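First the structure, in the form of structure tokens, and then the observations on it.
Only the coordinates and a few stated rules stand behind these numbers; no lab work does. Just so we're clear, the structure is a prediction, and the values are computed from it rather than from any experiment. When we count neighbours, we look across all protein chains shown, and the Cβ atoms used for this are built from the backbone with ideal geometry, even at glycine.
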């Protein structure tokens, strides 16, 4: 009978020993990785306007990673701690690896809805809005969360009752209206002069307004509440 040579036995023995060592090496606890993701999202979502609920997705039970002493969570490009998201977890030593875990960040807070149908051009008053509570992550990013943000503004479009109120669906009331008699105030170092004029355009507070004085001169300034055009020198 032919006996295997020492040269052929040695490689087989090394492969067997290597496989055994790999099987016995400590493996990463996936439950601990999910806790890492949850704690990371709690920190990232701190300061958001509402009650935070975080749900971390399951990690495939077949995932087998070398144990890591300090796994590090991070947000991949394009992800954020808001709604359905993805969090990366990486290890740098002793064996580098990276996995990605799905998660959901709910932000339960109050937002503003229309109390009744709101016609285009209507100035919003306290009776036109109601507060609702829900998951802000499922609503448009421009959603209004404080009724004060809507008061005195004009509906840019018609909205049905119960519609979430968005800032881009409202426009500011003009501080200056075309044709209105305004007071032009000119101020500079050591002087201040005011005169009546006729507004040539609509302008919200802080926007540029033009006005024609009684002498026919056209001046430009910053629109202020109360029909004032402020010209600085």
Matching option when the condition is out of contact with any helix residue (DSSP H, G or I) (no Cβ under 6 Å at 6 or more places or on another chain) and farther than 30 Å from residue 61 by Cα, among 161, 93: 161
Filtering the stretch 66-83 down to residues that are more than 21 Å from residue 53 (Cα to Cα) and surrounded by 12 or more Cβ atoms within 10 Å (Cβ to Cβ) yields 66, 67, 68, 71, 72
Given 86, 92, 104, 125, which one is farther than 15 Å from residue 53 by Cα, free of Cβ contacts under 8 Å to residues at least 60 places away in the same chain and surrounded by 14 or more Cβ atoms within 10 Å (Cβ to Cβ)? 86
Residue count, the stretch 33-59 (criterion: surrounded by 14 or more Cβ atoms within 10 Å (Cβ to Cβ) and at positive phi): 1
Restricting attention to the stretch 150-179, which residues are exposed (fewer than 14 other Cβ atoms within 10 Å of the Cβ) and closer than 21 Å to residue 82 by Cβ? 168
